[in-house]
Amino acid sequence: MAYDVTTIGHDPDAFELFYRAHVEVVGRFVARRVDDPHAAADLTAEVFLAAIESARGYRPERGSEVGWLFGVARNVIAAEQRRWHRHRRAAAEVAGRRVLDADDLARIEERIDAEAVARRTYEAVRGLPDDTRALLELVAVDGLSTAEAAQVLGITAVAARVRLHRARRAVRLSLANPS
C-alpha cells in the first residue's frame, strides 16, 4: 500500500507505512545530535508527532520526504535544546538560593515595606523627561550644584533652576498622590 505524506495526519495506515519507512533514518539523525538514549528515543517520537501535525504542509516539489522530515527533526531538536538551556539556567539560579524560613520572609517583607517610599520616589523620578531626570540626578545624587549641572547638560543656570524646581514639584506631587 502506498501513502501520501499529506495524509499521515489523519490516515493511520499511511502513518504506519511512513513511520516504518523513516524511523531508522530519523533515529540516526537524532542520535548524531543527542547522546542520551532516553532523550533520543523521546525526540524521535516527538519528530513523528510533529510530522503528523505538519503533514499538510509537505510539498514534494520542494524536496524529498526525508529532507522534509529532517527539517521537522531539526526544529524538534532545536526546541528541546532551548527548553533544556532554559531549564538549566533556571536550575542554576535556584541552586544559588537558599530556602527561606518564616523569619527570613518576615524580615524581607519588613524591608520591602520600609522601602516603599523610596520605590515610589524612584518611580516618580523615572516618570520625568530624560533631560529633567538627568538634571535632578546630577544635583540630588551626584552632589553637583545647579550651575554645575547646567554646565554639564549644556543649559543655562536659570533653565536648570526652573527645571529642577518643576522636577522636585512633580516628584512631591507624585508622592503625595500615590496611585
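Enumerate the pairs (first residue in segment 49-76 and at positive phi; second residue anywhere and open to solvent by 50 Å² or more (accessible area, probe 1.4 Å) and assigned to a helix (DSSP H, G or I)) with beta-carbon separation below 8 Å, excluding pairs fewer than 6 apart on the same chain, so at least 6 apart or on different chains.
If the second residue must be open to solvent by 50 Å² or more (accessible area, probe 1.4 Å) and assigned to a helix (DSSP H, G or I), no pairs are left.
Need the failing condition index for MET1 against (1) in a helix (DSSP H, G or I); (2) exposed (fewer than 14 other Cβ atoms within 10 Å of the Cβ); (3) modelled with pLDDT under 95; (4) among the aliphatic types (A, V, I, L, M), just the number.
Unmet for MET1, out of (1) in a helix (DSSP H, G or I); (2) exposed (fewer than 14 other Cβ atoms within 10 Å of the Cβ); (3) modelled with pLDDT under 95; (4) among the aliphatic types (A, V, I, L, M): (1).
Which ones in segment 126-179 are of a type in the set (Val, Ile, Thr) and within 26 Å of ALA116 (Cβ to Cβ)?
Of everything in segment 126-179, those that are of a type in the set (Val, Ile, Thr) and within 26 Å of ALA116 (Cβ to Cβ) turn out to be THR132, VAL139, VAL141, VAL171.
Is it the case, given these coordinates, that THR44 is of a type in the set (Val, Ile, Thr), assigned to a helix (DSSP H, G or I) and closer than 21 Å to ILE77 by Cβ?
Considered against the rule, which asks whether it is of a type in the set (Val, Ile, Thr), assigned to a helix (DSSP H, G or I) and closer than 21 Å to ILE77 by Cβ, THR44 comes out as yes.
Output yes when any residue across segment 139-158 is surrounded by 11 or more Cβ atoms within 10 Å (Cβ to Cβ), assigned to a helix (DSSP H, G or I), among the acidic types (Asp, Glu) and touching a residue at least 24 places away in the same chain (Cβ under 8 Å), and no when none is.
No, segment 139-158 has no match at all.
Starting from residues that are under 14 Å from VAL66 (Cα atoms) and of a type in the set (Lys, Arg), keep the ones in segment 17-45 and report whichever is most open to solvent (accessible area, probe 1.4 Å).
ARG20
The values are calculated or read from the model by the stated rules, or taken from the named source; none is laboratory data. Here the structure is a predicted model, which is why all the values come from computation and not from measurement. So basically every Cβ, Gly included, is an ideal-geometry build from the backbone, and we count neighbours across all protein chains shown. These area figures cover heavy atoms from the full protein model, side chains too; ligands, DNA and RNA do not enter into them. Shrake-Rupley method; radii C 1.70, N 1.55, O 1.52, S 1.80 Å.
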